[in-house]
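A short worksheet on the structure shown next.
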Amino acid sequence: MRIDLISIFPDYFAPLELSLVGKAVSSGLVELGVHDLRTWTHDRHRTVDDTPYGGGAGMVMMPQPWGEALDELVPPEAQPTLILPTPSGQLFTQSLAAELAEQDWLLFGCGRYEGIDARVAEHAATRMRVIEVSLGDYVLNGGEVAALAIVEAVVRLLPGVLGNPESLAEESHGADLDGLLEYPMYTKPAQWRGLEVPPVLLSGHHEQVATWRAEQSRQRTAQRRPDLLQGPN
Ligand code: ADE
């Protein structure tokens, strides 16, 4: 998979050299490109933003550097998926992560300030798939942290990235648990600070363990995320 990220803060993506994503890059499973949006400015101050038409506080990212960046990075016949992180996008879910993990090329456009001039997404959509994606119902200072989270959620799903692919089974939000939250997990010792591991987990009865876990999953979800009881997003 190829992943490109465009931002005015390319240093935000240094953590992609670490851990599983870093290994996926150094082993060649993922080809990563980080691009400074200011490369495509032409004035002395390398300006990327301007005041909003219609008035209001804050600044809006100008279409010109974005348009030139996409022209240069995406050849005419290429078909990347352009992901624009924004609090006004569709919610990022595990099922979207799984779908993105099947693509050959993801390109992230990380906006700052009050966002990117809306014509950038409109124009890009005439020649590539564009999705505006929100990490959740809160506002970050820009798309970079959201892009990092999306890249991590997607890359760990690529075949060969996790040492033990079975780690992907029975995770929160996954199809194995019908989109519910994962049950609580325990490891040794069986007693710690007066707290015991639930005895069923020490019993060796696989069926009873499975029943207990399914019930815990359901209870947890009902308590913490009742909205998920309808099944996977
Ligand atoms: N940019 C700012 N806030 C965001 C959010 N919640 N999700 C994705 N991108 C964002």
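Read the figures in this text as sums done on the coordinates, not as results from a lab. Predicted model only: the values in this text are computed from it and were never measured. Cβ coordinates were reconstructed from backbone atoms using ideal geometry, including for glycine residues, and neighbour counts include every protein chain displayed.
What 222 nm value per residue comes from the helices of the chain, counting each DSSP H run with n ≥ 4 as -39,500 (n - 2.57) and dividing by all residues, nearest 500 deg cm²/dmol?
On the way: 6 runs with 63 residues, N = 233.
Value at 222 nm, helices only: -8000 deg cm²/dmol.
Within the shell of other residues whose beta carbon sits under 9 angstrom from the beta carbon of Leu107, the net charge comes to 0, with Lys and Arg scored +1 and Asp and Glu -1.
Using only alpha-carbon positions in the chain, the gyration tensor eigenvalues give semi-axes of 41, 20, 16 Å once each is multiplied by 5 and square-rooted (largest first). Taking the chain as a Gaussian network of alpha-carbon nodes connected by springs under 10 Å, the highest mean-square fluctuation of the residues Trp192, Trp105, Trp40 belongs to Trp192. As a proxy for reagent exposure, Ser172, Ser7 were ordered by neighbouring Cβ count within 10 angstrom, fewest first; the result is Ser172, Ser7. Count Lys and Arg as plus one, Asp and Glu as minus one, and take only other residues whose Cβ is under 12 Å from that of Phe92; the net charge is then -4.
How high is the relative contact order of the chain? Use alpha-carbon pairs under 8 Å, at least six apart in sequence, and give a whole percent. Mind dumping the intermediate values first?
Details: 344 pairs, mean separation 46.2, N = 233.
Relative contact order, the chain: 20 percent.
If you take the Cα centroid of the stretch 195-224 and the Cα centroid of the stretch 43-116, the two points sit 43 Å apart.
Couplings 3J(HN,Hα) of the stretch 198-211, computed from phi: x, x, 4, 6, 9, 7, x, 8, 4, 5, 5, 4, 4, 5 Hz, in residue order, whole Hz [Karplus 6.51 cos²θ - 1.76 cosθ + 1.60, θ = phi - 60°; x for Gly and Pro]. Pick from Pro199, Pro85, Pro75: which residue has the top mean-square fluctuation in a GNM of the chain where Cα pairs under 10 Å get a spring? Sorting by GNM fluctuation, first place goes to Pro199. Applying both filters, DSSP loop and at most 11 other Cβ atoms within 10 Å, to the GluC sites (Glu not before Pro) of the stretch 22-96 gives Glu77. Between the listed residues Gly115, Thr93, Pro198, the Cα displaced farthest toward the positive end of the dipole of the chain, a dipole computed from Cβ unit charges relative to the Cα centre, is found at Pro198. Among Leu140, Leu100, Leu201, the largest mean-square fluctuation in a Gaussian network model of the chain, built with springs joining Cα atoms closer than 10 Å, belongs to Leu201. Here the chain is assigned +1 on the Cβ of each Lys and Arg and -1 on the Cβ of each Asp and Glu. Its dipole about the Cα centre then comes out at about 600 debye.
List Glu152, Glu144, Glu17 from most exposed to least, where exposure is judged by having the fewest other Cβ atoms within 10 Å. Don't skip to the end; give the middle numbers.
Working: Glu152 15, Glu144 22, Glu17 12.
Listed from fewest to most nearby Cβ atoms, that is Glu17, Glu152, Glu144.
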